[in-house]
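What follows is a short report on a single structure.
The values are calculated or read from the model by the stated rules, or taken from the named source; none is laboratory data. Everything numeric here is computed off the predicted structure, so don't read it as measured data. Methodologically, a virtual Cβ is constructed for each residue, glycine included, from the backbone with ideal geometry; neighbour enumeration extends over all protein chains shown. In case anyone asks, the SASA skips ligands and DNA or RNA and just uses the protein heavy atoms, side chains included. Shrake-Rupley method; radii C 1.70, N 1.55, O 1.52, S 1.80 Å.
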Amino acid sequence: MVPLLLNHIKGWALAAYIAMGFFLTLYCFNVFANFSLEEYSLPITDYFSYVILFCVFPMLFFSALRSEEDFDRLANIIIFSGFLLGVVSYFLYAEQITGGVTRISAISRDNDDASYLSPLALSYSGSLTIIVSLMKLMSTTSRTLQKVFYLSAAISGLYCFMLGASRGSVVSLFISFILLLVIYRARFRLSTLIFLISILVCVPTFLSITGSGVFERVLNIRADVESGASSSARVEIWRAAFDSIKENPFFGGRIEVFGNYPHNFLVEAFMVTGLVGGGLFLFSYLYFSAKSFKLAVSEKYILPFLILTHGSVEKFFSGSVKDSILIFIALGMTCSALRLSREREACA
């Protein structure tokens with residue numbers, strides 16, 4: 001599979017692809033080399049399995065997409081899975097969620113043994129479902145039944161978005177929404193307007209049902225930092241991570257700070273692998289980000305950039321390199337999009 005991919009990826013794209021491979025290799029090497037020097041929060045085998053399952057495999061798999069129809073299928077899969085997640089979440093938590101619960105994790109306030117899905121997973125899945133549904137509605141002339149399904153999926157996604165109440169998903173949703181408006185400004189159909197109005201009408205309803213504090217949490221970021229709220233603890237984690245980078249600037253080595261990952265994938269890349277590995281990661285990430293944005297603006301392939309936006313915002317505030325599956329899916333899709341775009345131009 002790898003030789004086949006390397007035959008299709010050319011120039012700077014190939015260099016960026018290889019750079020990411022070297023970075024992941026150095027990341028795993030440092031995890032192995034330092035496990036006796038510090039106590040990890042996870043078993044060492046989990047780090048390797050996460051890198052393989054959430055980074056290496058997704059990038060390889062999505063780099064091998066064979067046609068433009070595959071991108072359309074992926075969009076429909078995201079919409080359908082987001083719809084199912086919203087339905088399942090409703091049946092799981094409808095009786096537990098009452099007014100005054102600002103986030104799904106707050107259900108443990110009344111019951112210490114209460115289990116719940118990750119607020120981040122719910123929130124970002126919901127925002128991605130909303131924005132991909134809107135993309136499909138704006139980019140294609142859909143049938144009435146399809147439009148109804150896209151609207152239903154978006155409402156289902158909105159429920160997950162409210163339950164998760166993540167600040168980052170608000171940012172990713174806003175950026176993606178602005179991009180779609182700019183790209184499709186000449187195709188702003190009546191159905192799109194109905195879609196947006198329906199979503200806006202549903203927001204107050206979900207706020208009253210779930211008691212979601214998603215917008216309140218966004219507006220209170222500064223107050224949380226000043227008061228030392230738990231959500232602002234990542235600021236101290238970032239400072240400790242930067243101190244670690246200064247101590248081991250070239251090849252890194254430290255895997256965690258305060259018994260946890262740095263909660264910022266770029267900071268973590270430099271902390272674990274130093275300027276050498278972090279530079280390789282940054283080069284690859286910025287190259288594919290620029291290409292995915294260019295492909296989106298040209299209306300050739302928009303989905304990779306939407307996925308990359310959600311993955312990047314999430315991992316910038318709360319995530320780790322080793323489980324950045326959305327980012328590596330998007331990077332792989334961008335490789336496929338570059339190849340297919342080049343093939344289309346060659347045939348024109």
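So, in nm, how far is label Leu84 from label Phe283 when the simple model puts each one 7 Å beyond its Cα toward the Cβ?
So the two model labels end up 4.1 nm from each other.
For Leu181 paired with Cys347, estimate the spin-label separation in nm (one decimal), with each label point 7 Å from Cα along the Cα-to-Cβ line.
3.6
Amide H of Asn264 versus every other amide H placed in the peptide plane: which residues, excluding those fewer than 5 positions away on the same chain, fall under 5 Å?
Gly319
Starting from the Cα of Trp12, step 7 Å along the direction of its Cβ; do the same at Leu196; then give the gap between the two resulting points in nm.
3.3
Can you give the accessible area of Glu345 in Å² (nearest 10), computed on protein heavy atoms with a 1.4 Å probe?
Spelled out: Glu345, probe radius 1.4 Å, area about 110 Å².
Please work out the FRET efficiency for the pair Phe250 and Ala121, using the Cβ-Cβ distance as r and a Förster radius of 22 Å; give the result to the nearest 0.05.
0.05
Take the Cβ-Cβ distance between Glu39 and Phe316 as r, set R0 to 35 Å, and report the resulting FRET efficiency rounded to the nearest 0.05.
On the way: r = 26 Å, r/R0 = 0.75.
Efficiency at R0 = 35 Å is approximately 0.85.
Please list, in chain and number order, the residues 5+ apart from Gly252 or on another chain whose amide H is under 5 Å from its amide H, with Hs placed from the backbone.
When sequence neighbours closer than 5 places are left aside, the close amide H contacts are Gly274, Leu275.
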